[in-house]
Each structure stands twice: as C-alpha cells, then as structure tokens.
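J.: Please read through the structure below; I'll follow up with questions.
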Amino acid sequence: MTEPPPVMVNAYDGSRADDLPPATRELIRRREHALGRAYRLFYDQPVSFTRAAGVHLYDAEGNAYLDAYNNVPSVGHCHPHVTQTVARQVATLNTHTRYLTDPVVSYAERLLATHDLAAAANAIFTCTGSEANDLALRIARHHTGAAGIVVTANAYHGVTAALAELSPSLGPNIPLAAHVRAVPAPAPGLDFTAAVTWAITDLRRHGHGFAAFLADSIFSSDGVRPDPAGYLAPVADAVHQAGGLYIADEVQAGFARTGTHMWGYQRHGLRPDIVTMGKPMGNGLPIAGLIARHDILDAFGRDVRYFNTFGGNPVSIAAAAAVLDILETDRLPVNAATTGAYLKDTIARLAAGTPLLGDVRGTGLYLGIDVNSPSTGEPSGRLASAIVNAMRERRVLISATGPHGSVLKIRPPLPFAPEHADQLGNVLADVLTAAGAAAGPAAW
Ligand code: PMP
C-alpha cells in the first residue's frame, strides 16, 4: 500500500536533535523561540551556512556543500556581476515606480522580448511569486467575470489566502475553495486535456464559471512532469475555447531552467495569456512579476490602480537585469541543456542498476527521480527522505517532492558543470549502495 503523504517533504522533526553539534542545537532552540512553529527546516540534521559562491554553500568550519537544490541563486551564488551591479545601484538611487526611472522600463522591454504571447504584452512587477499569481487571479476574474480556477492535484502557487486555497500541496488542513477544481497531474496514459475540460464543465455546472487554468509549467510539486514536450498545447486550446485564460506559472521553470527555452511554456509551443515569474529573477533579490496580454491588462488597468511599494524598485531591477546579462554572457541556457542531459544520463544509468530508483524525468537542470520501495514497488517517501538525508551527510544538497514526497528533486544553480554532475552521481551511487546494504529490501 502507498504510504500516507508527508506533512512536508524532508522537514526536520527533532528526532535526531541529540546527534547535532551543540551550537546548531542552540540556534534551533533560539529560532523556534523567536520564529514560532510555522517555519520548517530541511534535513534530519539541519545545516547552518555562513557564505556561498557559485554552486557551493559553506558552513562555519569552511566545509563546502554542493548545491543541487537551489534555483533562486540561479546564475550562481553571489555572482560578482549581480553583487557589483546591486551595490552600485543601492548607492545611487532606490525609489518606487511613481517616479520616472529608466531601468524599470528598459528591463520590461528586455523581458517582454523573451516571451511569446499571442498578442502584445505588458509587464507588472511584484516582490514575490505569490503576489504575481494573486494579481494574475484578479486579472483573470476581471477579464472573464468568473471565479472558477483549475489547478493540478498537488499544485503549489503561493502564500496568499486566495492562493493557499488553490494549492492542494499545503495539505488537508487548508481545504480547496468551492470555485477551485484540482485535476490529476499529467502522467502517461492520462488524457490531461480531457481532465481539464471535465473540470471546466464541472465549475460551470456549479455556477462558478471558468476564469483560468493555472499551472506550473514543469509541475514541480506534482513530481516534475516535463514530457513529452508539447503536451500542454492542446490544454491551452481547450482553455481558450472555453473562454478562460491560460496562466503559465514560470516561478519554477522560467529563466532558462529547462535548458531548451527561456520559458517552460515555450517548450510546449503554447501561447499563454498571463505568465507569472519570480524565484531566479533577481538571483536572490526579491523581485517577481507577470506579463499579460495588453488587451486584458489594459481593461484591468482602466478599472484598477496598481501600486506595489517595493515591486520594480531600481535595486531589484538592477539585479534582474544583471541576471539576464549573465544568462547571455555565461551561456547558461546551453549549459543547462548540456549539463542537464549529462546529469540525467548519469542518474538514469544508476537507476537502471537498482530497484530503489524508477523513472528519471527532467529537462535542463530540473530533474525528478521516482524512489520506490523494492519490496512493494510503490512510491516511498520514507526511502526518498533517507536518500536526501544521506546525501546531505555527504555534503550534497537535494530534496524530494511529489504527492508522496517520493520523487528526488534535483535543481541546481545553472552554472552546474559536468564535474559537479559526476560528484553528485558518485555520492548518490554510494548512498544507494549503503541504503540497499544497510537495511535490506524488506525494511523499505
Ligand atoms: N509558484 C510556484 C510554482 C512556486 O514554486 C512558488 C514558490 N515555491 C510560488 C509560486 C510562490 O512564490 P513565492 O515564494 O516567491 O511567493
């Protein structure tokens, strides 16, 4: 039988607190005291970092950890072009978008040129991906006059009240809103377009109407579902035929993460109406935003005044422009494609030799690997968590995702090189050998 889903994948639960160094234990105690219960820490043995560079994070003793998890420092931790550009701008001018400044306009022009919407588009800047998605919902409701939203079964789209109630991955304590339908995540053998169409019909039947289909273009919290490229195009057609908007959430897949394209939706050859983006946009500076079809946004903008105090400020925009510079100068999209393919091959070879690993999915530097119990063949979140923790003990950082927490999630900064892929492969091979030998299949 499949294990029950975890409350949160790979979260520290205190069960190994006694094994931690005293300084780490003390920091956790103070953290819990000051920050309260809602926060979670990664790993059985939480790790404390003091600095980072490129694809490495360093603890207080100077030990290097290979970062195969973080997509925010997407062009590399503390990339000098970002740090210098930001330092220059913060010492020159930092204000809001109600004064005329050139950088926000120039950046918007540059960003829009990377997109393929069906019509001319405009950009709006926010500080977080959640704000971008929340605004996208408001725009979709304004455009359609309807409330109904379709998402996937283990979607995550952000922290606001409106987004929490359409993010099933937050668990049963936050029920989905009445105007939300969750369809199964794309999978081989599933007619995903038919599932979305059925959900749209159901929303209408219940009087909610249909505003938008909102989907992470790589379905990361659903366990990473990139293939086959193109499968989302008929979904976009169905959404448009039903009079709704296609909102591509590119917070995970955007900014060349998938290797072949700047945006995940472009891999599927579809034209969304709204695209939301965030995380890697400023390499760690809080900048996010959306672009939307001009005709839709124009009508919204006539009726609704938009101002976001920090959104699009010159310092955040400087970081975002530096990210676009580096993607070009360091040829990171090509690297994501080639190193990503090499890493996927390396892991697929390991998976072929062990019953613990199943399907290896991914595009560019975003991989998801199914972890199965060798005794039952069912997805095993417990085993995935054991692998993630054993890799952390060997100073390689990955995580797990999917509805059962059973999919290894590998999503390194884009300068990840073949030598880093080799290191990750060697450590994973060791961990798999140890996992197989230590307990024997029956224990899993
Ligand atoms: N959409 C997706 C697909 C995400 O993964 C996230 C963040 N994990 C968000 C939206 C929300 O972004 P933020 O945390 O910047 O609000």
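The values are calculated or read from the model by the stated rules, or taken from the named source; none is laboratory data. Computed from a prediction, not measured in an experiment: that's the story for all the values here. When we count neighbours, we look across all protein chains shown, and the Cβ atoms used for this are built from the backbone with ideal geometry, even at glycine. For the accessible areas, the whole protein counts, side chains as well, though only heavy atoms, and no ligand, DNA or RNA atoms are used. Shrake-Rupley method; radii C 1.70, N 1.55, O 1.52, S 1.80 Å.
J.: How big is segment 1-150 by the Kirkwood estimate over distinct Cα pairs, in Å?
T.: It is 20.5 Å.
J.: Report, for the chain, the % of DSSP beta bridges that are antiparallel, rounded to 5.
T.: 65
J.: Still on this structure: Using R₀ = 41 Å, calculate the FRET efficiency as 1/(1 + (r/R₀)^6) where r is the Cβ-Cβ separation of Met8 and Val105; round to 0.05.
T.: Step by step, r from the Cβ atoms, then E = 0.50.
J.: Within segment 29-74, report the trypsin sites (Lys or Arg not before Pro) that DSSP leaves as loop and that have at most 14 other Cβ atoms within 10 Å.
T.: Arg37, Arg40
J.: Per the Kirkwood definition applied to all pairs of different Cα atoms, how many angstroms is the hydrodynamic radius of segment 80-329?
T.: Its Kirkwood hydrodynamic radius stands at 18.4 Å.
J.: Among DSSP beta bridges lying fully in segment 80-329, give the percent that are antiparallel, nearest 5.
T.: 40
J.: Return the loop-located trypsin sites (Lys or Arg not before Pro) in segment 261-311 (DSSP other than H, G, I, E, B) with at most 13 other Cβ atoms within 10 Å of their own Cβ; answer none if there are none.
T.: Arg305
J.: Now for a separate question. Using the alpha-carbon centroid of each, what span in Å lies between segment 93-158 and segment 165-210?
T.: Each part reduced to its Cα centre gives a spacing of 23 Å.
J.: Using a 1.4 angstrom probe on the protein heavy atoms only, line up Met8, Met281, Met262 by accessible area, largest first.
T.: Most to least solvent-accessible, the answer reads Met8, Met262, Met281.
J.: In segment 231-278, what percent of the accessible surface is made up of carbon and sulfur (1.4 Å probe, ligands and nucleic acids excluded)?
T.: With neighbouring chains kept in place, the figure for segment 231-278 is 49 percent.
J.: Let me check something: with ligands and nucleic acids excluded, how do Cys78, Cys127 order by accessible area (1.4 Å probe), largest to smallest?
T.: Ranking Cys78, Cys127 by accessible area, largest first, yields Cys78, Cys127.
J.: How big is the dipole moment of segment 80-329 about its Cα centre under a simple scheme where the beta carbon of each Lys and Arg is +1, that of each Asp and Glu is -1, and everything else is neutral? Debye, nearest 20, please.
T.: 320
J.: Which chymotrypsin sites (Phe, Trp or Tyr not before Pro) in segment 61-104 sit in a loop by DSSP (not H, G, I, E or B) and have at most 16 other Cβ atoms within 10 Å of their own Cβ?
T.: Tyr99
J.: Please compute the per residue accessible area over segment 316-444 with all protein chains in place, 1.4 Å probe, rounded to a whole number of Å².
T.: Result: 35 Å² of accessible area for each residue.
J.: Using Cα pairs under 8 angstrom and six or more residues apart, how large is the relative contact order of the chain, in percent?
T.: Computed over the chain, the figure is 22 percent.
J.: How many angstrom lie between the C-alpha centres of segment 272-303 and segment 39-66?
T.: 32
J.: Could you tell me the distance between the Cα centroids of segment 351-390 and segment 14-37, to the nearest Å?
T.: A separation of 29 Å, based on Cα centres.
J.: Could you give me D for the chain, from Stokes-Einstein at 25 °C and 0.890 mPa s, where the hydrodynamic radius is the Kirkwood radius over C-alpha pairs? Units µm² s⁻¹, please.
T.: It diffuses with D of about 108 µm²/s by this estimate.
J.: Still on this structure, please answer the following. Want the number for Asp19 to Thr95: 0.36 nm per residue separation, take away the alpha-carbon distance, what's left?
T.: Result for the pair: 22.6 nm of gain on full extension.
J.: Taking the Cα centre of the chain as origin, work out the dipole magnitude from +1 charges on Lys and Arg Cβ and -1 charges on Asp and Glu Cβ, in debye rounded to 20.
T.: 600
J.: Stretch Val47-Arg349 to full length: gain in nm at 0.36 nm per residue minus the Cα-Cα span?
T.: Separation in residues times 0.36 nm, less the Cα-Cα distance, equals 105.7 nm.
J.: Given the protein chains as shown and a 1.4 Å probe, how many square angstrom of Thr144 are accessible, to the nearest 10?
T.: Probe radius 1.4 Å; accessible area of Thr144 about 40 Å².
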